């Protein structure tokens, strides 16, 4: 299984919030950094994930914004 | 300075590739994970980054795809 | 502070709608054009914005669709 | 003709840069603000735009990042 | 009317779900494949679509993820 | 293997164009509709695809723009 995207991290689901149409998944990536994903509840239910599950996180490089301070 | 996005990581620039119109920045995030960003060369030049620089990486949660294996 | 994105406008927050998981911010850009941003309520609360506040609006060029009529 | 997106601006094409695969279009929106769009050369050629042409610019609200300073 | 995007399909609206802020449109594309779009309720109301309507579906190529199994 | 995205089509690679930094993949989906994906050459090489290969095409519903005519 290969993905056409530069950013591929493994993560642990830490929390799931369900809205009326969309859902939000909190994720812990290595070194205790936190990430989050938003998707439709339909997709969330298809995934069938729960806190503690290991998932893969995919982000296309074009969606990564770099900021300098 | 605050960003309306759930994913905010600090990263170190490790490599920069320049195409004819777009540029690709390789980034090291904590725990030696690698990420990448693609932007226009115009934006790359505005940023003025070089390998070794510390940057902030911003990704909206909607652009994060979760995959289970 | 520099952003790796071509589109950077200053805007004034004119209205905020809160859903159950996501929020929508209405923005007035120069010449009375209107824009809008959608984000998670978590991000909206982190921003702490209210109508009348001045914000910066960032859009990567790849997310701009050009249409001819 | 209606678009399922919150951000719809009219703009004038001011410059076009052609890379090897992608193209970049500079746009002037009201009040002399500048925007930019990146697309494939295939799409650029389909559009058949040139500097001075009036176009419509569409951005989904989810792709608009709000930043406070 | 031309769009600066590589992916342009005709589709039929098969179902519409309204959340509190966002809406989800189910679409049938040729060969009975299903697609879906999420947008703000504001945009959904502007479109004024209902099941059975024919619409055009636009996706920029950069938002298409290719996966091999 | 499950993906947190509403749009999942099977497709056949019909053509690959390589730029200097980005690559473009042409895809045939059922009923002879055509789609396209743009990614970095790095991702294209990781995928290792060639014309004739079957792939899976993933698009998050938020990246699907609906237009009525």
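Couple of notes before you dig in:
- Of the strands (runs of 3 or more DSSP E) lying entirely inside chain F, those carrying at least 2 residues that are buried (at least 21 other Cβ atoms within 10 Å of the Cβ) and in contact (Cβ under 8 Å) with a residue 12 or more places away in the chain are F:7-18, F:22-29, F:33-40, F:54-59.
- Flag if residue E:9 is within 11 Å of the chain's Cα centre (by Cα), closer than 25 Å to residue C:61 by Cα and within 7 Å of another protein chain (Cβ to nearest Cβ): yes
- Scanning the range E:54-63 for residues that are at the interface with another protein chain (Cβ under 7 Å from one of its Cβ atoms) and within 14 Å of the chain's Cα centre (by Cα) yields E:55, E:56, E:57, E:58, E:59, E:60, E:63.
- Just one of the numbered conditions (1) over 23 Å from residue E:64 (Cα atoms); (2) within 14 Å of chain B (Cβ to nearest Cβ) is not true of residue D:29: (2).
Any read-out appearing in this document is the output of simple, stated calculations on the displayed coordinates, not a laboratory observation. None of the values given here were measured: they were computed from a predicted structure. For neighbour counting, all protein chains shown are included, and Cβ atoms are generated from backbone atoms with ideal geometry for every residue, glycine included.
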